[in-house]
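Undergrad: Sharing a structure below in structure tokens format, with a few things to ask.
The values are calculated or read from the model by the stated rules, or taken from the named source; none is laboratory data. Please read these numbers as outputs of a predicted model, since none were measured by experiment. Quick reminder, even Gly has a Cβ in these numbers, built from the backbone with ideal geometry, and neighbours come from all protein chains shown. Accessible surface areas use protein heavy atoms only, side chains included; no ligands, DNA or RNA. Shrake-Rupley method; radii C 1.70, N 1.55, O 1.52, S 1.80 Å.
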Amino acid sequence: MTASTALLKSLETLLGPEGHSTDPDVIAPKLVEWRGRYRGTTPFLAKPRTTQEVAQLVRLCAQAGAAITPQGGNTGLVAGQIPDGEILLSLERMRAVRALSPLNDSMVIEAGATLHEAHVAAEGVNRRVPLSLASQGSATIGGLISTNAGGVHVMRHGMMREQVLGLEVVLPDGRVLCALDALRKNNTGYDLKQMFIGAEGTLGVITAAALKLSPAVTSRVVAVVGLASADAALALFHRARHRADGLCAFELMNRQSIAMALKNVPGLREPLAIAPPFTALLEFERCGSNGLEEGIEAMLAEAMDDGDILDAAIAHSKAQEDAFWKLRESLSAGHRTGEPQANHDIAVPVSETPTFLEAAQREAQALSPGARIVAFGHMGDGNIHLTVMAPEGAIEFPREAVLRRMHDLAAGMGGSISAEHGIGVERREELTRFKDATAMAMMRTLKAALDPHGIMNPRALVSVE
Ligand SMILES: Cc1cc2nc3c(=O)[nH]c(=O)nc-3n(C[C@H](O)[C@H](O)[C@H](O)COP(=O)(O)OP(=O)(O)OC[C@H]3O[C@@H](n4cnc5c(N)ncnc54)[C@H](O)[C@@H]3O)c2cc1C
């Protein structure tokens, strides 16, 4: 599957000097995964500017039997974007907004644009793309769709899949699937775009997407709440969901996750006067009349009177809102310390989150006494980013055993081993332990039908055989 000199020459001619690089200094940052756990290699970085160039590039690679790894913003956390000798395909020069229609509440945007760029374009016509995640300044539309990314507003607006109306995709033989219609209803057979959402670049290269636009938010309330336990967090989640309007984010952070962020990320502040075992960050939104804050204040006061919460603070300025969110968004960076650790992206039914957290704590201690549990995530979706860190100063750490045990725990509660980051290279083996055999076989059939020679991101998610 390696690229011949003849193929590289043809690609150089096709893409021109602006459209490719073999300079190790240019390529180097694209070969290292965000956490520094994977380092890749590639003979050639391709940077096409148009869908036609992508199509010709893929056709040439297919004819030569050379494999391709698509890469967006390189923020993926399961290493699916890191090549191991494949041609590295970046859409960084394809980031145009092709169409923007507030009357149809839709936009067509090229796959190399970042989520932040899509937000700015939508805000320009008083709309929004309601997907938010800490990596939005770098993560691209193509990467977000290929991983079916989630983020902090999933409980109200759904994952990336829910934002996609149509797609343009270059297939593994170089044909272009043009399904960019911005329709809400289109029952004309298989909804082919769905196959590419969450496919991690294994079925084709997404070159553009038609996205849904949502109404702009007119009022927003952000609050942080101190809690004695995960059970109290679950009770508050239901109170906030059913007794107040517009809950759009419910993020849970354990003490260890906040402590590590405060220690390792400059400029953060403890959000409450106390340091409770758990802190929840709640966001409420409304697109219409005011009066949102009064309802939330009343709901939190009631929770305090009932003894369900320890403390609470509502942001009264944009700066305070940003500070609350900055803490939450810095948690991943806070434990990127280079120490041995096992990172998880687990989903369990929301009702099971406290039980899962308690069991995870117990099992992690049994496998590695003194292990530190960094637990945070999108509790409103039952999605916990659990990191088990080696005891302070320890060199030995049973990482594989911890990963497998946490996955077993989640699966035993009806959960998933990957809520929003995908499978990539990192979780391929674990996928085969948990995915239903028929579903696995169907995934392979699909892969073989579209990519019989296995040239599209061959090491991620699923192979032909
Ligand atoms: C600090 C931080 C916070 C994060 N928070 C969240 C979060 O809250 N929720 C969440 O879901 N994720 C989160 N992530 C993970 C990451 O941002 C998402 O997975 C994102 O969707 C990846 O986008 P990307 O453009 O960086 O893609 P990459 O990392 O470059 O690629 C990811 C996968 O998509 C494929 N791909 C990329 N572009 C294309 C394309 N055009 N066509 C076909 N395949 C393609 C790649 O081959 C790879 O398999 C976070 C990451 C970081 C670093």
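Undergrad: With axes computed from alpha carbons, what is the tilt in degrees of helix 51-64 against the longest principal axis of the chain, rounded to the nearest 10 within 0 to 90?
TA: Roughly 60 degrees between the two axes.
Undergrad: Could you list which residues have their amide H under 5 Å from that of SER418, counting only those 5 or more apart in sequence or on another chain, with H placed in the peptide plane?
TA: ALA347
Undergrad: With a 1.4 Å probe and all protein chains left in place, how much accessible area per residue does region 94-161 have, in Å²?
TA: With the other protein chains kept in place, region 94-161 gives 36 Å² per residue.
Undergrad: Once the Cα gyration tensor of region 177-234 is found, what semi-axes does its equivalent ellipsoid get, as square roots of 5 times the eigenvalues, in whole Å, sorted largest first?
TA: Value: 38, 19, 12 Å, ordered largest first.
Undergrad: Can I ask one more? Carbon and sulfur together cover what percent of the accessible area of the chain at a 1.4 Å probe radius?
TA: For the chain, the apolar C and S fraction of the accessible surface comes to 53 percent.
Undergrad: Show that you can apply the helix-only estimate: for the chain, add -39,500 (n - 2.57) for every DSSP H stretch of four or more residues, divide by all residues, and state [θ] at 222 nm to the nearest 500.
TA: Mean residue ellipticity at 222 nm (helix-derived): -10000 deg cm²/dmol.
Undergrad: While we're on this one: Show me 140-150, 188-198, 114-124, 325-335 ranked by packing, highest mean number of other Cβ atoms within 10 Å first.
TA: Highest to lowest by the protection proxy: 140-150, 325-335, 114-124, 188-198.
Undergrad: Counting only other residues whose beta carbon sits under 14 Å from that of ILE274, what net charge do I get with K and R as +1, D and E as -1?
TA: Net of charged neighbours comes to 0.
Undergrad: Taking 28 Å as the cut-off for C-alpha to C-alpha distance, list the pairs among LYS47/LYS185; LYS212/LYS263; LYS47/LYS193 that go past it.
TA: Result: LYS47/LYS185; LYS212/LYS263 exceed 28 Å.
Undergrad: Here's a follow-up. Remind me, relative contact order of the chain in percent, using alpha carbon pairs under 8 angstrom and six or more residues apart?
TA: Computed value for the chain: 15 percent relative contact order.
Undergrad: What does region 67-226 give for Rg and for Dmax, in Å, if only its C-alpha atoms count?
TA: 15.6, 54
Undergrad: Given points 7 Å out from each Cα along the Cα-Cβ axis, report the LYS435 to THR355 separation in nanometres with one decimal.
TA: Distance between label points: 2.7 nm.
Undergrad: Round to the nearest 10 and give me the degree value, 0 to 90, for the angle of helix 399-412's Cα axis relative to the longest principal axis of the chain.
TA: 70
Undergrad: Now for a separate question. By how many degrees, between 0 and 90 and to the nearest 10, does the Cα long axis of helix 437-450 differ from the longest principal axis of the chain?
TA: 40
Undergrad: Which of the listed residues, PRO24, THR51, TRP34, is farthest toward the dipole's positive end in region 3-54, when Lys, Arg count +1 and Asp, Glu count -1 at the beta-carbon?
TA: After comparing all options, I get TRP34.
Undergrad: While we're here: Apply the a/c threshold of 1.5 to the C-alpha gyration tensor of region 2-118 and tell me whether it is rounded, prolate or oblate.
TA: Oblate.
Undergrad: Is region 94-162 best put as rounded, prolate or oblate by its Cα gyration tensor, with a ≥ b ≥ c the root eigenvalues, rounded for a/c under 1.5, and otherwise prolate when a/b is larger than b/c, oblate when not?
TA: oblate
Undergrad: With a cut-off of 8 Å between alpha carbons and a minimum separation of six or more residues, what is the relative contact order of region 247-319 in percent?
TA: About 35 percent, as a whole number.
Undergrad: Convert each backbone phi in region 271-277 into a coupling constant with the Karplus relation 6.51 cos²θ - 1.76 cosθ + 1.60 (shift: θ = phi - 60°), then list the ³J(HN,Hα) values in order as whole Hz, x for Gly and Pro.
TA: x, 10, 6, 10, 10, x, x
Undergrad: As a test, work out the antiparallel percent of DSSP beta bridges whose residues both lie in the chain, rounded to the nearest 5.
TA: In the chain, approximately 85 percent of DSSP beta bridges are antiparallel ones.
Undergrad: Quick one: dipole size for the chain, taken about the Cα centre, charges +1 on Lys/Arg Cβ and -1 on Asp/Glu Cβ, in debye to the nearest 20.
TA: In total the dipole reaches around 940 debye.
Undergrad: While we're here: List the residues whose amide H sits under 5 Å from the amide H of THR207, counting only those 5 or more places along or on another chain, with H placed 1.01 Å from N in the peptide plane.
TA: GLU168, VAL169, VAL170
Undergrad: Defining a contact as two alpha carbons under 8 Å apart and six or more residues distant in sequence, what relative contact order in percent does region 372-465 show?
TA: Across region 372-465, relative contact order equals 18 percent.
Undergrad: Tell me whether region 377-418 comes out rounded, prolate or oblate; compute the Cα gyration tensor, take square roots of the eigenvalues as a ≥ b ≥ c, and use a/c under 1.5 as the rounded threshold.
TA: The shape class here is oblate.
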